[in-house]
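Q: Got a structure here, written out as structure tokens. Questions coming.
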Amino acid sequence: MMTQPPSSQFWLTCPFGERATQVFLGVLFAALLIVTVLHVAVPQGSPLHVNAYTVNLFGKYLSYALLAVAVDLVWGYLGILSLGHGAFFAIGGYAMGMYLMRQIGDRGTYGHPVLPDFMVFLNWDSLPWYWQGFDMAWFAFAMVLLAPGLLALVFGFLAFRSRVTGVYLSIITQALTFALMLAFFRNEMGFGGNNGLTDFRELLGFNLRSNDTRLGLFLATGVALALGYILCRAIVTSKLGRVCVATRDAEARTRFIGYRVERFQLFVFVVSAMLAGLAGALYVPQVGIINPSEFSPLFSIEIVLWVALGGRATLYGAVIGAMLVNYAKTVFTGVMPDAWLFALGAMFVLVTVLLPKGVAGLLQKQRRKKTPTITKEATA
Amino acid sequence: MSLLQSLRTRDRVFEFMAPAASPVDVRHGPILYMEDVTVSFDGFKAINNLNLTIDNGELRCIIGPNGAGKTTMMDIITGKTRPTEGSVWFGSRHNLLNMNEPEIASLGIGRKFQKPTVFEALSVFENLELAMAADKRIFPTLTARMTGEIKDRIDEVLETIGLTTLRFQPAGILSHGQKQWLEIGMLLMQRPRLLLVDEPVAGMTEQEMERTAELLTGLAGKQSVVVVEHDMGFVRSIARKVTVLHQGSVLAEGSMDQVSNDPNVVEVYLGADDEEAA
């Protein structure tokens, strides 16, 4: 990847110049198209028919894939092992959930025109200030990006300014998501406590329980993944991306050649958090619930496992990893639920031992075998 | 707080009126003044009342036994360590003690570390590209494009350090000597006024050493170069003026012959070294 001549490295000027990006986007859009066709055009009885449940499941995987891309951006390229990206995902999800709650209106169990059910249950008489504005879609959608972005900005500013890196940073990101989980579990926080937010009905006027809306959400998530991928690719192939790799490998050196490393780290961290928030916002209407379990440290660690399994610092590896692990999770938890964590552990051990660069590393190896002259040409 | 301090310093009042990127003032000759500099770490004086002046365009070698304060001196100049006392000026306009590491780097002081640290995952070309003097803020970096001018400059430096044929190879595969040259090349990309080079020939073969000597003497005149080195043969081959440090201050200064005949120097350093060598 790093041995190409410089003319093809300036991605902002020719966004689709890279083969890996073309292939990735091609495969992604082909998959979206095939699923859509098999769902809409193939009759229900046919073995090729993809049912609404599966479409919804794929939509969920795609939002996980976007989350994995966000983690790969900071871990693979910047060397920041964030064990708290689930927090940004969950906050984006809560922002979307708050909008969906306000859309319910007076159709809740208690029939209150403004207050969500859980607030009526807690005997609250008015909306807390931070729930204001979430009845407007534009405001809620802006918050999907801004709320995780702001948290990442404050957290990152403090951490990077104090030059907290490596394992210490991983630990405090883990602490961050754990603290948020405990906070969101409290009923007094006003986010539905233990039960979270659920019983959603409509998104922008579309009924969330209809199959067409599910297909729409699946496609929207696919497009968001493509856009997120393109954005990350643009960042990592720019000069800024090379500064990130330089920071990852030799932070002090990067500082000495004149880059304000902490600002670059902060910028990329915030972008990544916003993407994670977007992923969360697309995830929530598809699964129909958001609750504090998304903040659980275990989930954040699992995201890192997806990326490691797929292959770090490739972006498409993160997508492959997220898809594979979550598909395996669906299969395993269906067949033998108790064995899932063992299977996940075994998968991780096997990949670390046999494929240190993940599945993406395997793909790269295959390609290099086919065209062994590439590196020699570059030498000459 | 720092504003109050700057107001108290009489010679620096109205700092805001000076243009931000004012050029280094070397009209008086020297490019670096260190005056009465002392650094103490918990009472231990790593640098003790050090006075050192480097002229513009000079190639200076700094020698001294282990613990003489050579690396600490470099740390002070690059802003990594703050002295307890004393003043450090770059030219006669810039007080280095008021600046942080990136500011000092962008002013034109480049440092080569003892252990070569290059960005191993990036190609030789990309290493040089990142090091180049440019607007290093986030958005200019994000939207930076490769122009013909930049390419020419990189090619020129690649030529100087003799790595043209390896330009698209990842820096990780370079030999030890090649990494040292790449690092010097990275410093050159910043068009530095002053180069600080820490033990450039440690671990090099005889041939690589010759090539490095050529490289450094070729740079002097265009840039000021300060070389810290243990290898006496190498120092003899490049030095015009040598400074001997001992216990944090200057023990002797002069040509290699003058210095090596100084009885103090013979006692603390060269004598011991010669005995070892013999």
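A short reminder: the numbers here are calculations on the coordinates, not readings from a lab. All of these numbers come straight from a predicted model, not from anything done at the bench. Quick reminder, even Gly has a Cβ in these numbers, built from the backbone with ideal geometry, and neighbours come from all protein chains shown.
Q: Averaged across orientations, what area in nm² does the convex hull of the alpha carbons in segment A:6-298 project?
A: With the hull built on Cα positions only, its mean projection is 17.4 nm².
Q: Picking from B:48, B:232, B:89, whose Cα lies most toward the positive end of the charge dipole for segment B:28-277 (charges on Cβ: Lys, Arg +1; Asp, Glu -1)?
A: B:89
Q: Let me spell out the model: positive unit charges on the Cβ of Lys and Arg, negative unit charges on the Cβ of Asp and Glu, origin at the Cα centre of segment A:231-380. What dipole size does that give, in debye rounded to 20?
A: 940
Q: Here's another thing I want to ask about it. For segment B:52-80 and segment A:176-238, compute the distance between their C-alpha centroids and round to whole Å.
A: 56
Q: Rounded to the nearest 5, what % of DSSP beta bridges with both residues in the protein assembly as shown are antiparallel?
A: Details: 25 of 43 bridges.
Around 60 percent of the beta bridges assigned by DSSP in the protein assembly as shown are antiparallel ones.
Q: Here is a further query. If you average the alpha carbon positions of segment A:95-140 and of segment B:119-173, how far apart do those two centres end up, in angstrom?
A: Centre-to-centre (Cα) distance: 55 Å.
Q: Return the Rg/Rh value of segment B:158-214, two decimal places, where both radii are evaluated on C-alpha atoms and Rh is the Kirkwood radius.
A: 0.94
Q: Charges on Cβ only, +1 for Lys and Arg, -1 for Asp and Glu, centred on the Cα centroid of segment B:28-277; of B:61, B:71, B:186, which one is farthest towards the dipole's positive end?
A: The residue sitting farthest along the positive end of the dipole is B:186.
Q: If a paramagnetic tag sat 7 Å from the Cα of residue A:252 along the Cα-Cβ line, which residues of segment B:50-81 would have the backbone N under 17 Å from that point?
A: The answer is B:67, B:69-81.
Q: With no solvent and one point per C-alpha, what does the Debye sum give as log10 I(q)/I(0) for the protein assembly as shown at q = 0.07 Å⁻¹?
A: Each listed q corresponds, in turn, to -0.58.
Q: Between A:265, A:174, A:364, where does the largest GNM mean-square fluctuation fall for chain A, given springs only between Cα atoms within less than 10 Å?
A: A:364
Q: Then there is this: Among B:248, A:48, A:258, which residue has its Cα positioned farthest towards the positive end of the charge dipole of the protein assembly as shown, with +1 placed on the Cβ of Lys and Arg, -1 on the Cβ of Asp and Glu, and the dipole taken about the Cα centre?
A: Working it through, the farthest residue towards the positive pole turns out to be A:48.
Q: For a quick check: with amide H placed at 1.01 Å from N, whose amide H comes under 5 Å from residue B:32's, ignoring anything fewer than 5 positions away on the same chain?
A: Under 5 Å from the amide H of residue B:32: B:54, B:91.
Q: Given a cut-off of under 8 Å on Cα pairs at least six residues apart, what relative contact order in percent is computed for segment A:6-298?
A: The value is 37 percent.
Q: Right, next: Test of understanding: what is the full-extension gain from residue A:298 to residue A:335, defined as 0.36 nm times their sequence separation minus their Cα-Cα distance?
A: Contour length minus the Cα-Cα distance gives 11.1 nm.
Q: Can you name the helices of chain A, as whole DSSP H runs, whose Cα span along the helix axis is 18 Å or more and whose Kyte-Doolittle mean is not below 0.5?
A: Helices meeting the criterion: A:19-40, A:52-72, A:85-104, A:137-161, A:166-185, A:211-237, A:261-287, A:297-310, A:316-335, A:340-354.
Q: Suppose we look only past 35 Å in the calculated P(r) of segment B:28-277. What percent of the Cα-Cα pairs does that tail hold? Intermediate results must be reported in sequence, preceding the final value.
A: On the way: 4775 of 31125 pairs.
It works out to 15 percent of all Cα pairs.
Q: A follow-up question, please. Output wanted: per-residue J couplings in Hz (rounded whole) for segment A:115-132, from phi through Karplus 6.51 cos²θ - 1.76 cosθ + 1.60, θ = phi - 60°, x for Gly and Pro.
A: 6, x, 3, 5, 6, 4, 4, 7, 6, 7, 9, 8, 6, x, 4, 7, 8, 5
Q: Something else: Based on alpha-carbon atoms only, what is the radius of gyration of segment A:174-319 relative to the globular estimate 2.2 N^0.38 Å?
A: Working it through for segment A:174-319, the quotient is 1.27.
Q: Something else now. What trypsin sites (Lys or Arg not before Pro) in segment B:91-185 are in a loop by DSSP, with at most 15 other Cβ atoms within 10 Å of the Cβ? Working shown, then result.
A: Details: sites: B:93, B:111, B:112, B:136, B:137, B:145, B:151, B:153, B:167, B:179; in loops: B:93, B:136, B:137, B:145, B:167.
Those that pass, being in a loop and sparsely packed, are B:93, B:137, B:145.
Q: Here's something else I'd like to know. Just the C-alpha atoms of segment A:232-380: what Rg/Rh do they give, with Rh taken as the Kirkwood radius?
A: Numbers: Rg = 18.7 Å, Rh = 18.1 Å.
When Rh is taken as the Kirkwood radius, the ratio is 1.03.
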